[in-house]
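Here the structure comes first, spelled out in structure tokens, and everything after it is commentary.
The values are calculated or read from the model by the stated rules, or taken from the named source; none is laboratory data. It should be emphasised that the depicted structure is a prediction, and the values quoted were computed from it without experimental measurement. Every residue, glycine among them, receives a Cβ derived from its backbone with ideal geometry; neighbour counts consider all protein chains shown.
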Amino acid sequence: MAAKKASIVTAEVPGPKSVELGKLKDKYVSKAISIGQPVYIDKASGSLFYDVDGNTFIDMGSGIGVTNVGHAPKEVVAAVKKQAEKFMHTCFMVTPYEGYVRLAEKLAQVAPHPGLSKSAIFNSGAEAVENSVKISRHFTKRPAAFSFVHAFHGRTMLAMALTSKEMPYKAGFGPLPETYKVDFAYCYRCPLNMTYPGCGVACADKIDETWSKPEFQGRVACLVGEPIAGEGGFIVPPKEFYAKITKICKKHGALYVDDEIQTGAGRTGKMWCIQHWSGVEPDILVSGKGIGGGFPISACTGRPEIMDDTQAGGLGGTFGGNPVGCAAALAQFEIIEKSLKNVPKVNAYLTKRLNEMQQKFQVIGDVRGMGAMMAIELVSDRKAKTPAAKEAKATKAAAFKRGMVLLTCGTYDNVIRMHPSMIMPDEILEQAMDILEESLGEATKG
Ligand SMILES: Cc1ncc(COP(=O)(O)O)c(C=O)c1O
């Protein structure tokens with residue numbers, strides 16, 4: 001019978017079968033595709049991975065924030081099977097089908113405000129981000145886009161231009177389309193050396209100041225932002241930040257594009273993270289990752305006058321809104337809606353344990369996040385806030401040996417992030433935090 005918790009049965013991790021597959025990978029897969037934890041997965045269910053050697057791992061990464069309600073929910077599997085048996089492809093732009101239209105209807109129903117009523121459906125997050133900028137450029141007739149320092153928006157040319165971190169995401173891939181970075185509200189490392197709330201969220205005012213310079217006037221189509229900077233380090237801005245940002249966008253005649261690819265689909269306890277904050281009305285919402293429960297599906301959802309502005313045939317793609325992906329997403333949304341109520345419980349437990357660990361380990365400089373999206377930022381000196389990337393890497397490796405898949409992130413590679421299933425069972429959550437505590441102990445001893 002499959003284990004119900006993490007358990008390692010091989011003498012070494014990865015085990016022998018994974019090691020063999022790793023050799024095959026080295027021979028046939030581009031080196032540019034790097035791997036965090038080289039255990040080859042045979043099966044995944046709920047919050048657990050089962051590898052080819054019989055080891056069981058707790059999945060605290062959810063495939064980078066995708067399997068928001070766990071692996072292979074039976075309703076999603078059934079919907080996928082049913083659709084796959086009917087047909088797997090027509091290309092919606094050639095001969096349409098109901099699933100695409102129903103998913104667009106669902107995206108309008110769950111949108112953070114009723115103005116966001118029309119969608120275009122794509123495959124990956126990066127593709128949807130690209131399209132959000134194409135749509136914004138077309139609508140505003142302006143060429144440039146703003147995004148934030150610490151942002152991650154994907155790996156295609158335009159999404160990569162919006163992304164902040166040079167290594168490994170951008171180095172050697174230029175020249176890139178016209179984008180500009182503005183500071184994000186990273187309170188733990190305030191770009192203005194101020195302290196919240198006394199600062200009055202001055203970082204947003206600074207963006208207004210920058211934007212008012214003649215070189216940006218009338219040139220910026222949109223500002224693309226993540227409610228919480230994901231890859232950048234799970235950086236949660238103050239609650240007033242995005243209300244100010246959207247006002248500033250309006251003032252300069254640009255659109256606010258809300259990239260909810262990582263923060264959306266229930267991850268933070270509301271369908272979209274931006275719903276936690278009042279006075280924020282995005283013009284376009286970009287979704288991906290968690291909406292498909294594992295199927296590659298993404299969308300831009302916006303105001304009709306914006307979404308209908310582009311010429312017919314100007315958006316689309318062979319596989320965009322694939323029927324199996326639409327069926328998966330429709331089933332996944334239903335489970336997400338039912339699971340939202342569980343997120344505060346997951347958050348309360350993670351917050352309690354992480355705060356306790358911060359008391360115990362000097363290396364934890366900051367504990368932050370929302371809902372089922374929590375992180376610790378590691379520093380080798382709490383006062384100087386010197387990033388402790390080595391310790392983050394060692395903690396991840398120690399957890400892996402104990403049967404837990406953890407991800408790191410952050411501009412300085414020193415953040416351990418957790419995006420467990422929104423419905424991770426209590427006993428697995430407890431074991432996950434025990435493993436993290438032991439791993440931090442191992443990684444920081446001596
Ligand atoms: C906020 C955000 N936007 C865009 C993307 C790109 O999505 P994809 O990898 O599906 O292209 C990611 C992926 O991590 C992301 O976190």
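Assorted remarks:
- Qualifying position, being surrounded by 20 or more Cβ atoms within 10 Å (Cβ to Cβ) and not assigned by TED's automatic domain parsing to the domain that holds Lys165, among Ala397, Ala372: Ala372
- Any chance Lys86 is more than 22 Å from the chain's Cα centre (by Cα), of a type in the set (Lys, Arg) and more than 16 Å from the ligand (Cβ to nearest atom): yes
- Answer residue from the range 129-150, given it is aliphatic (A, V, I, L, M) and surrounded by fewer than 24 Cβ atoms within 10 Å (Cβ to Cβ) and is farthest from the ligand (Cβ to nearest atom) among those: Ala144
- Selection from the range 396-426 of residues that are in a loop (DSSP other than H, G, I, E, B) and acidic (Asp, Glu): Asp413
- Residues satisfying the stated conditions in the range 251-300, i.e. surrounded by 24 or more Cβ atoms within 10 Å (Cβ to Cβ) and among the polar types (S, T, N, Q): Gln262, Thr263, Thr268, Ser287, Ser298
- Scan the range 101-122 for residues that are farther than 15 Å from Asp259 by Cα and either within 16 Å of the ligand (Cβ to nearest atom) or of a type in the set (Gly, Ala, Ser) (or both) and the total you get is 4.
- The range 314-332, residues that are under 12 Å from Ala120 (Cβ atoms) and surrounded by fewer than 22 Cβ atoms within 10 Å (Cβ to Cβ): Gly314, Leu315, Gly316, Gly317
- In the range 245-268, the residues that are in contact (Cβ under 8 Å) with a residue 60 or more places away in the chain reach residues that are part of a helix (DSSP H, G or I) and of a type in the set (Ser, Thr, Tyr) with C-beta atoms within less than 7 angstrom, at least six apart or across chains, in these pairs: Gly253/Thr140; Ala254/Thr140; Leu255/Ser136; Leu255/Thr140; Val257/Ser132; Val257/Ser136; Gly266/Ser339.
- For the range 32-65, filtering for residues that are of a type in the set (Val, Ile, Thr), without any contact (Cβ under 8 Å) to a residue 24 or more places away in the chain and more than 16 Å from the ligand (Cβ to nearest atom) leaves 1.
- Members of the range 226-255 found to be within 11 Å of the ligand (Cβ to nearest atom), under 16 Å from Val182 (Cα atoms) and out of contact with any Pro (no Cβ under 9 Å at 6 or more places or on another chain), listed by number: Glu226, Gly232
- Residue count for the range 176-212 satisfying the condition of being within 17 Å of His150 (Cα to Cα) and hydroxyl-bearing (Ser, Thr, Tyr): 4.
- Every pair of residues 6+ apart whose Cβ atoms lie under 6 Å, when the first sits in the range 220-240 and is free of Cβ contacts under 8 Å to residues at least 60 places away in the same chain while the second is within 9 Å of the ligand (Cβ to nearest atom): Pro227/Thr263
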